[in-house]
Every structure is written in structure tokens, then in C-alpha cells.
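Notes for the one structure printed next.
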Amino acid sequence: MSSFTYLISGASRSLGLGYSRALLASSNNVKVIAGARNPSSADQLQALQKEVGKGRLYILKLDVEDASAVQNAIKELESSGFLEAGGLDALINNAGVAVAPEAPSATKPDLVMQNFTTNLFGVMNLTSACLPLLKKGKGKQIFGVSSICGSLGGFFSDNSLATAYCISKAALNMYLRKLSRELESDGFTVVPYHPGYVKTSVTSGQGELTTEEAVKLAVDNVILKVSKEDNGKFYDYNGKIVPW
Ligand SMILES: NC(=O)c1ccc[n+]([C@@H]2O[C@H](COP(=O)([O-])OP(=O)(O)OC[C@H]3O[C@@H](n4cnc5c(N)ncnc54)[C@H](OP(=O)(O)O)[C@@H]3O)[C@@H](O)[C@H]2O)c1
């Protein structure tokens, strides 16, 4: 039986590591390419690779902010022999940062740029580098780990918190929505989703869900569930529509 291969950015720890582990556990046919900025210090990812084997988990050195390094990483992947028939089935754009919880009046352009560099430009770099591989794959799925913070119609737009981060996730949503329209005729499913308020370093350990709980919900209700009809929709970890 043929395999289904995911590439997950920011898989060194927290949600990205959890998605890698849970998707590998979901079926023996699943393979994962786990992107990490510093593979040698990603101890939990290395341990997961020992558990499942190098045939199912490929660790790729990947900093999404550097466009040419991203292109080189994808070239390395193409020549590695890990991809079945040279194709990638799904991309999970998970790597992200939340720089400074400033109010709008205190938010300076360079703070916005720091959030944009990873949360928007990083996703654009990786997505465009992966598109040729995704077009050769069977799955044709692109996920963006977005946030309720980027929803203009959601509760987070009614407070003055984390302005630069919120703007970056709103921009990410627009990018993915437009991408969903561009790629619809090629059979793609492009889905941004809110992963929950999760106790990780992005939230300084605050949150409503543990990483394990949030991973299980998003994997069951979004990642393994979506079909082509979901192209261009914005979901939360419960599989409920989030307003743009
Ligand atoms: N936790 C929440 O409540 C929550 C809510 C809404 C949305 N999100 C989103 O969920 C995603 C994952 O967040 P998390 O909670 O798991 O955060 P986290 O614990 O801070 O982990 C972030 C991950 O992203 C990686 N990363 C950061 N910058 C990168 C870059 N330039 N290139 C490649 N990897 C990079 C980190 O790698 P290193 O180990 O190298 O630092 C780490 O693996 C983010 O997009 C975040 O915005 C989280």
C-alpha cells in the first residue's frame, strides 16, 4: 500500500512535535518529514525517529525565514529518496513565533516585521518551495497553523492584546485563502486552522489545553478529516468554522 507523506515545520517541540508523533501513530502508511532549525538539539524528535525508524521519519534542517536555505532543504529532500515517486502529500505550516504582547498604540513596525518574518514570509517561503512536490503528491493538502488571534470576526479582535502577532496571523489567513483559490482547480485543499489555546512556549505555558490534548483534537477534527470541500475554510481544533 502506498504511503502518505507530511512535511511539518517547527517540529522540534510543542505542537509540531506532537503532530509528527500523532500522525505517525495514526497509520503505518504515514511518513513524516519533520522540519527543525537545529536537528542536533531536537532531542525529542531524535528519540521519535529512533522509535519509528528513519524509513518513516526524516528530520530536515529547516529555518523557514531563509528563502534560499528553504529551497536548498527541499532539494536535499528531493534527492534523499524519502519521497514516494518524488511527491509530498501534505504540508503543515506550523513554525511560528509570537513576539511581544503589545497594545496597538505601542506597536512599532519592526515588531510587526518580526512576527511577519516567520508567521507569513516563512509560510510563503516553504509553501512555494514545496508546491512542485505537492503537485506530484496524492494528498494535495496545505495546512496553516493560524490562530483565533488572526480572526477579525472572532473574540480576540475585541481586545487590544498581541497586536503584531494578530496582524501576522490575519495576513497568513488572507495568503492561504487566496492560495486556496489559485490551487482549487489543481485539486488542492488549503486550510488554515486555530490549534487551541495551548500550554506551550508561545503562550509562556498558559492555556486551556495541554499539547497532547490540542494535538489529538486538531489531528482528529481537522488534519485527518478535511476533504476538497473544505478548501479555503478556516477551522478551529474542534472542526468548527472560525469567522475570517
Ligand atoms: N500555543 C498556542 O496556544 C497557539 C495558539 C494559536 C496558534 N498557535 C500557533 O501554533 C504554532 C506552533 O506553536 P507552539 O505553541 O507549538 O509554539 P512553540 O512551543 O514556541 O514552538 C514553536 C516551534 O516553531 C519553531 N520555529 C520558530 N521559528 C522558526 C523558524 N524561523 N523556522 C523554523 N522553525 C521555527 C520552533 O523551533 P525551535 O525549537 O528551533 O525554536 C518550534 O519548533 C505557531 O504557528 C503558533 O503561532 C499556537
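The values are calculated or read from the model by the stated rules, or taken from the named source; none is laboratory data. Just so it is clear, the model here is predicted, and its values are computed rather than measured. Backbone-built Cβ (ideal geometry, glycine too); neighbour counts: all protein chains shown. These accessible areas exclude ligands, DNA and RNA; they are computed on the full protein's heavy atoms, side chains included. Shrake-Rupley method; radii C 1.70, N 1.55, O 1.52, S 1.80 Å.
Quick notes on this structure:
- Within the accessible area of region 4-236 (1.4 Å probe), percent carbon and sulfur: 53 percent
- Residue ranges 89-101, 28-40 sort as 89-101, 28-40 when ordered by packing (mean number of other C-beta atoms within 10 Å per residue, highest first).
- DSSP bridge analysis restricted to region 88-244 gives an antiparallel fraction near 10%, rounded to the nearest 5.
- Think of it this way: in the chain, 130 stand alone, with no other Cys Cβ under 4.7 Å.
- Taking 7 Å steps out from each Cα toward its Cβ at residue 135 and residue 85 produces label points 1.6 nm apart.
- Neighbour net charge for residue 90 - beta-carbon separation under 14 angstrom, K R +1, D E -1: +4
- Å² per residue, accessible surface of region 4-236 at 1.4 Å: 44 Å²
- One Cα centroid belongs to region 171-244, the other to region 1-67; the line between them spans 19 Å.
- Computed FRET value (nearest 0.05) for residue 1 with residue 113, which takes r as the C-beta separation and R₀ as 30 Å: 0.05
- Spin-label pair residue 103/residue 46, simplified geometry with 7 Å Cα→Cβ offset, distance in nm: 4.6 nm
- Amide hydrogen proximity for residue 59: with H placed 1.01 Å from N in the peptide plane, the residues at 5 or more positions away or on another chain lying under 5 Å are 34.
- A 1.4 Å probe, protein heavy atoms only, puts the accessible area of residue 242 near 10 Å².
- For region 4-236, the equivalent ellipsoid derived from the Cα gyration tensor has semi-axes of 27, 19, 18 Å, listed largest first.
- Within straight-line cross-link reach of residue 233, lysines at Cα separation under 21 Å, skipping those fewer than 8 residues along the same chain: 135, 138, 140, 169, 178, 216, 225
- Around the amide H of residue 234, modelled in the peptide plane, lie the amide H atoms of 242, all under 5 Å away and 5 or more residues distant in sequence or on another chain.
- Residues with amide H under 5 Å from that of residue 142, placed H, sequence gap 5 or more: 91, 189, 190, 191
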